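The values are calculated or read from the model by the stated rules, or taken from the named source; none is laboratory data. Source: prediction; values computed, not measured. All Cβ positions, glycine included, derive from the backbone under ideal geometry; neighbour counts span all protein chains shown.
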Amino acid sequence: MTPTDLERAIDEAASLITAPKHVVALVGAGLSAESGIPTFRGPEGIWTKHGEPDLRDYERFAADPKSWWEQRIAGAGGLGELRTALESAEPNAGHLALREMEESGWLAHIITQNIDNLHQRAGSTRITEIHGNRTRLRCTRCHARWPLDEFPIDELPPRCPECGGIVKGDTVMFGEPIPKDALDECVDQTWKCDCMLLIGTSAVVYPAAQFPLDVRRLGGKLIEINPNETPLSALAEVTLRAPAGQSLVRLVERLRDLRP
Ligand code: OAD
């Protein structure tokens, strides 16, 4: 995309965002790429390099949660490269732009597939983390959540103080159903949405990839921000073919200009 084409697309995106009443961002790993966190797919993707985790991960946890906890405490498993990147990452210009969009009333909600907690650290507040948050624990029965460092682990597996359910990391494992409260919120936001921003997601993982299809079916518009094409590109009204940080900063500048 030439710089002129990109500027034109930013103008179109800004007019779409100011026109509808309820704008939702569906975010993927591409947004955090500029914070140094690798994406999953693509040439340097974590799954491309190491293979996708086993779909039986959650089944194994459910069968023997004590062992899962013992391994977690021993620091076994997981991908060191990803863990190191997550631990040192800071919110980038794209996260900050989304916060400004929320504060200024241009963005109603973020549905993020990212588990890195960077939206919160950037100051966004209306967020649904469809794949959980690595800094939290969650009760598998009642979905109560706690910051990791505020939950005393006195027994393995730990139990929910409210309902006695087994507690696990909040990050959704391969093969694990999306927690009902998060899924319900995503569906509600999708139904309300007039315009969905697709930011840095390959749009191949369901149910997240279904939300933009539903927005379109219900008459809403899609704006894609991604340097690469995705299966949803053909459905997008406007495409910003550039990194998310740069695109979102320019988009916010344009939205400020349009402010009455
Ligand atoms: P993917 O790795 O599948 O896709 C990342 C997308 O980001 C690609 O479309 C890239 O083109 C794009 N991208 C790369 N750099 C970018 C940049 N600077 N700005 C904007 N876009 C950029 O990541 P997700 O779509 O998030 O789930 O993957 C969805 C889920 O698959 C993840 O949440 C994870 C994974 O399995 C679980 O672990 C449960």
Taking the criterion of being under 26 Å from Trp69 (Cβ atoms) and touching a Pro at 6+ places or on another chain (Cβ under 7 Å), would at least one residue in region 85-94 satisfy it? yes
Cβ pairs under 7 Å, 6+ apart or interchain, first in region 242-258 and over 11 Å from Thr18 (Cα atoms), second among the polar types (S, T, N, Q) and within 16 Å of the ligand (Cβ to nearest atom), ordered by first then second residue, are Gly245/Asn92
Does Ala62 satisfy being surrounded by 13 or more Cβ atoms within 10 Å (Cβ to Cβ), within 21 Å of the chain's Cα centre (by Cα) and not hydroxyl-bearing (Ser, Thr, Tyr)? no
Residues of region 38-69 being touching a residue at least 40 places away in the same chain (Cβ under 8 Å) and either in contact with a Leu (Cβ under 6 Å, 6 or more places away or on another chain) or of a type in the set (Lys, Arg) (or both), which ones? Arg41, Arg56, Lys66, Trp69
Going through region 34-48 one residue at a time, which ones are touching a helix residue (DSSP H, G or I) at 6+ places or on another chain (Cβ under 8 Å) and either within 6 Å of the ligand (Cβ to nearest atom) or not in a loop (DSSP other than H, G, I, E, B) (or both)? Glu34, Thr39, Phe40, Arg41, Gly42, Ile46
Kindly state which strands (runs of 3 or more DSSP E) lie completely within region 161-260 and contain at least 1 residues that are modelled with pLDDT of 95 or more, within 12 Å of the ligand (Cβ to nearest atom) and under 16 Å from the mean Cα position of the chain (by Cα). 195-199, 221-225
Considering only region 18-33, state which residues are more than 8 Å from the ligand (Cβ to nearest atom) and under 20 Å from Asp188 (Cβ atoms). Pro20, Lys21, His22, Val23, Val24, Ala25, Leu26
Taking the options Gly123, Gly165, Gly132, name whichever one is touching a residue at least 40 places away in the same chain (Cβ under 8 Å) and of a type in the set (Gly, Ala, Ser). Gly132
Restricting attention to region 94-121, and to residues there that are of a type in the set (A, V, I, L, M) and over 21 Å from His22 (Cβ atoms), which single residue is surrounded by the fewest Cβ atoms within 10 Å (Cβ to Cβ)? Leu96
Glu102 versus (1) of a type outside the set (A, V, I, L, M, F, W, C); (2) farther than 13 Å from Ala29 by Cα; (3) free of Cβ contacts under 8 Å to residues at least 24 places away in the same chain: which is the lone unmet condition? (3)
The conditions are (1) at pLDDT 90 or above; (2) more than 24 Å from Ala242 (Cα to Cα), and Gly80 fails exactly one of them. Which is it? (1)
